[in-house]
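**Student:** My questions will all concern the structure given below.
The values are calculated or read from the model by the stated rules, or taken from the named source; none is laboratory data. Note that the structure is a prediction, hence the values are computed from the model and not measured. Don't worry about glycine lacking a Cβ; one is built from the backbone with ideal geometry, like all the others, and counts go over all protein chains shown. Surface accessibility is based on the protein's heavy atoms, side chains included, excluding ligands, DNA and RNA. Shrake-Rupley method; radii C 1.70, N 1.55, O 1.52, S 1.80 Å.
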Amino acid sequence: MGRLLLGVAALALLSGTAWAQQDRLKRGEYLATIMDCTGCHTPGTFLGKPDMARYLGGSEVGFQIPNVGIFYPPNLTPDRETGLGAWSEADIVKAVRTGVRPDGRMLAPVMPYHSYGKLNDADAQALAGYIKSLKPVSHKVPGPFGASEKPTAPYLSVVMP
């Protein structure tokens with residue numbers, strides 16, 4: 001009887017852990033939605049036709065920041081070659097909160113990491129866990145291109161009147 005109770009207790013603990021992980025991923029999905037990650041990072045979004053089969057797989061259309069360069073929103077999926085597959089959850093949290101990539105480069109200035117820096121630890125970790133749980137999408141985005149470089153893909157630009 002004691003072994004049975006111990007087995008039931010262990011199963012309940014594992015089930016509780018699984019439920020907690022599922023809740024964490026749901027919270028991460030909710031955050032990715034309200035933070036509008038797809039608004040930049042899903043192919044086709046800037047063309048008015050988001051390709052949700054390649055959700056958060058990176059944009060083929062970039063945007064120009066005058067005197068800075070042209071940036072293409074990167075692939076956020078865990079693809080090891082073209083996405084964030086080599087990044088840890090801690091790397092993702094740091095980039096989202098501070099704008100600093102694991103290699104030390106800064107993210108494009110339009111990435112709202114100043115606002116996302118206000119995420120509490122649980123939410124930042126839930127977002128990172130959710131991103132790591134996505135289906136990998138193999139999609140290498142163009143660029144980035146410096147202000148004096150010629151881009152190889154379409155981009156959006158601000159035109160001053």
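**Student:** Applying the selection to segment 108-126, what residues are among the aliphatic types (A, V, I, L, M) and either open to solvent by less than 50 Å² (accessible area, probe 1.4 Å) or modelled with pLDDT under 95 (or both)? Full working, then the answer.
**Tutor:** First pass over segment 108-126, keeping only residues among the aliphatic types (A, V, I, L, M): 108, 110-111, 119, 122, 124, 126.
If the condition is that a residue be among the aliphatic types (A, V, I, L, M) and either open to solvent by less than 50 Å² (accessible area, probe 1.4 Å) or modelled with pLDDT under 95 (or both), then ALA108, VAL110, MET111, LEU119, ALA124, ALA126 are the ones that fit.
**Student:** Here is a list of conditions, (1) surrounded by fewer than 20 Cβ atoms within 10 Å (Cβ to Cβ); (2) under 22 Å from GLU149 (Cβ atoms); (3) touching a Pro at 6+ places or on another chain (Cβ under 9 Å), and SER59 meets all of them except one; can you say which number that is?
**Tutor:** (1)
**Student:** All but one of (1) open to solvent by 50 Å² or more (accessible area, probe 1.4 Å); (2) within 22 Å of ARG97 (Cβ to Cβ) hold for MET52, so report the exception by its number.
**Tutor:** Single failed check for MET52: (2).
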